[in-house]
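The values are calculated or read from the model by the stated rules, or taken from the named source; none is laboratory data. What you see is a predicted model; the values in this text were computed from it and never measured. Don't worry about glycine lacking a Cβ; one is built from the backbone with ideal geometry, like all the others, and counts go over all protein chains shown. The area values use the complete protein model at the heavy-atom level, side chains included, leaving out ligands, DNA and RNA. Shrake-Rupley method; radii C 1.70, N 1.55, O 1.52, S 1.80 Å.
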Amino acid sequence: MHPRRPDGFDGLGYRGGGRDEHGFGGAFPARSFSSASDLGHWVTTPPDIPGSRNLHWGEKSPPYGVPAPSTPEGPAEEPLPGGSGGSVPVQSSEQLSRFAGFGIGLASLFTENVLAHPCIVLRRQCQVNYHARHYHITPFTVINIMYSFNKTQGPRALWKGMGSTFIVQGVTLGAEGLISEFTPLPREVSHKWNPKQIGEHLLLKSLTYMVAMPFYSASLIETVQSEIIRDNTGILECVKEGIGRVIGMGVPHSKRLLPLFSLIFPTVLHGVLHYIISSIIQKFVLLILKRKTYNSHLAESTSPVQSMLDAYFPELIANFAASLCSDVILYPLETVLHRLHIQGTRTIIDNTDLGYEVLPINTQYEGMRDCINTIKQEEGTLGFYKGFGAVIIQYTLHATVLQITKMIYSTLLQNSV
C-alpha cells in the first residue's frame, strides 16, 4: 500500500532547504522547484551510493545521450581548487561535514532524551505533589533537591522511567505511521495547504495521542514513583501496564481512578496544542535564521566554515526554541494533565520539600475543570508552575551542549579547510 503523503514535507508547513527529510518510508531530498529549468540543477544519487556522479546543487547533469568528456592521456593534472574534479581535501572536508552533521544531531537528541531526564523526573514529581509547600520555581532549589535525592536514594532516583519514555515515543511514531497508511489522513501537510487538509492532519495527531495515552500514563507513574518502594521492573513493564489500563486488569488502583475516556480530552488538547505551537515557532525561527543567512551571503561576509555551520544549526536552534516555547506556554495545562493521570493509581512519590521520606497521592478531582479550580483555590496561581525550575535547568543544559558542539564542529572544520 503506497503512502498518501507528499515527499519532503513535515508538520504544518513546507520544510525547505537542501537537507534530507526522514519520513515513514525512508529519506527523501526536499527541495521545491519554481520552473522546469531548475530541474537541470538537481542532485542525482546520494554520494554514498556506488556509481553515483556525486553532483551537488549548482552542478548541471550532462544531457542525455551526450558522452562525458574523456580524460586525455598524459601526465595527471592537479585539480583546480573548488573544482568538480574532486580533490582529496575537498572530499575529506565533505566527509567531515557529513559525519559532523550526524554527530550534531545525535548530540542534540542525546541531550534532549537522556541528559535532561533527571529534570523531567523532578519536574513531574513536583507537578503531582499537591502536599508541597516549596514550589521549586527557581533552578537553585531544584539543584538542591536533586542532590538530596541522589544522596539518599542513589543515582537511580533521577533516571527512573527513562526506558518507558522511549517506548511511548516509539508507540506514538508507530501509531501515527499505521493510521496514516490505512486511512486518508495525511501525515504531512504541503505548503499549498487548505483548512480541510489541516483538519485531517490534526485529526491524525489526535488519534495518535489517544492510542499512546495509556502508555503515557504508565510511563508517568514510572517516572514519579519513589525509588524507595519501587520494584525492579523490566523495560517492557510500561507496555504491560498500559495494556492493563485499557482492559482494566493487572494494575492496582482505587475508586478514585479516572476512566480513560475522561482523560481523552485533556490529553489530546495538550498534545495538539503542543504540536501547533511548536510547529509555528519552528517555522518562524527558521524563516528568520534563513533570511539572516541569505543576507550575510549577499554581503559576501560569510566564511566557508560559517557556511557549513549554517547547513545544520538553524534547524537545531529552531527545534530548541519551539520545544522551549511550547513547554513554557503549556506548563499549567501539563500540571493538570499529570495530576489527572496519576490520581487513583496508588502511586507513592518522594517528598520534594525534604528530599527524603515518601508521600501518597490521594487527590479526588472529578475532572479537568475541578482540578483547575482546586489547584487555584488551594495552591494559588503558582501552583500550576510547581517544578518550573527544572525546565530552566533542562533547556539551559540543552543550550550549553549545542554551543559546545558548535565550537567543536567549528574547530574541526577550520582544521580541515
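Sub-8 Å Cβ pairs linking a first residue in region 326-342 that is touching a residue at least 12 places away in the same chain (Cβ under 8 Å) and at negative phi to a second residue that is basic (Lys, Arg) and surrounded by 18 or more Cβ atoms within 10 Å (Cβ to Cβ), at least 6 apart or interchain, are Thr335/Lys386; His338/Arg124, ordered by first then second residue. Exactly one residue out of Leu207, Leu260, Leu178 is surrounded by fewer than 21 Cβ atoms within 10 Å (Cβ to Cβ) and in contact with a Lys or Arg (Cβ under 8 Å, 6 or more places away or on another chain), and it is Leu260. When residues in region 368-410 are screened for being open to solvent by less than 70 Å² (accessible area, probe 1.4 Å) and more than 22 Å from Ile137 (Cβ to Cβ), 8 of them pass.
Of all the listed residues (Val285, Val224), the sole one being within 22 Å of Met162 (Cα to Cα) and among the β-branched types (Val, Ile, Thr) is Val224.
Out of region 261-288, which residues are without any contact (Cβ under 8 Å) to a residue 24 or more places away in the chain and either more than 17 Å from Ile329 (Cβ to Cβ) or aliphatic (A, V, I, L, M) (or both)?
Across region 261-288, the qualifying residues are Phe261, Leu287, Ile288.
Among the residues making up region 185-201, a single one is within 14 Å of Tyr275 (Cβ to Cβ) and exposed (fewer than 12 other Cβ atoms within 10 Å of the Cβ): Gly199. Evaluate region 80-101: report whether one residue or more is modelled with pLDDT under 90 and touching a strand residue (DSSP E or B) at 6+ places or on another chain (Cβ under 8 Å). Within region 80-101, not a single residue is modelled with pLDDT under 90 and touching a strand residue (DSSP E or B) at 6+ places or on another chain (Cβ under 8 Å). Against the test of being open to solvent by less than 60 Å² (accessible area, probe 1.4 Å), out of contact with any Pro (no Cβ under 9 Å at 6 or more places or on another chain), within 27 Å of Phe215 (Cβ to Cβ) and modelled with pLDDT of 90 or more, the options Thr165, Thr111 yield a single qualifying residue, Thr165.
Please verify whether Arg339 is assigned to a helix (DSSP H, G or I), modelled with pLDDT of 90 or more, open to solvent by 70 Å² or more (accessible area, probe 1.4 Å) and under 20 Å from Tyr385 (Cα atoms), treating the condition exactly as stated. Judged against the criteria, Arg339 is not a match. Would you point out which residue out of Tyr312, Tyr275 is open to solvent by 20 Å² or more (accessible area, probe 1.4 Å), of a type outside the set (A, V, I, L, M) and at pLDDT below 95? Unique residue meeting the criteria: Tyr312.
Across region 368-400, the number of residues qualifying as touching a residue at least 12 places away in the same chain (Cβ under 8 Å) and either more than 30 Å from Ala107 (Cβ to Cβ) or in a helix (DSSP H, G or I) (or both) comes to 23. Of the set (1) closer than 16 Å to Ile120 by Cβ; (2) more than 20 Å from the chain's Cα centre (by Cα), all apply to Tyr216 but (2). Look through region 223-250, keep the residues that are buried (at least 16 other Cβ atoms within 10 Å of the Cβ) and either of a type in the set (Val, Ile, Thr) or closer than 14 Å to Gln169 by Cβ (or both), and return whichever of them is farthest from the chain's Cα centre (by Cα). Restricting to residues being buried (at least 16 other Cβ atoms within 10 Å of the Cβ) and either of a type in the set (Val, Ile, Thr) or closer than 14 Å to Gln169 by Cβ (or both), the top hit is Thr233.
If Ala318 passes every condition in (1) open to solvent by 70 Å² or more (accessible area, probe 1.4 Å); (2) modelled with pLDDT under 95; (3) in a helix (DSSP H, G or I) but one, which one does it miss? Condition (1) is where Ala318 drops out. With respect to the stated conditions, Tyr365 fails to be part of a loop (DSSP other than H, G, I, E, B), surrounded by fewer than 17 Cβ atoms within 10 Å (Cβ to Cβ), more than 21 Å from the chain's Cα centre (by Cα) and among the hydroxyl-bearing types (Ser, Thr, Tyr).
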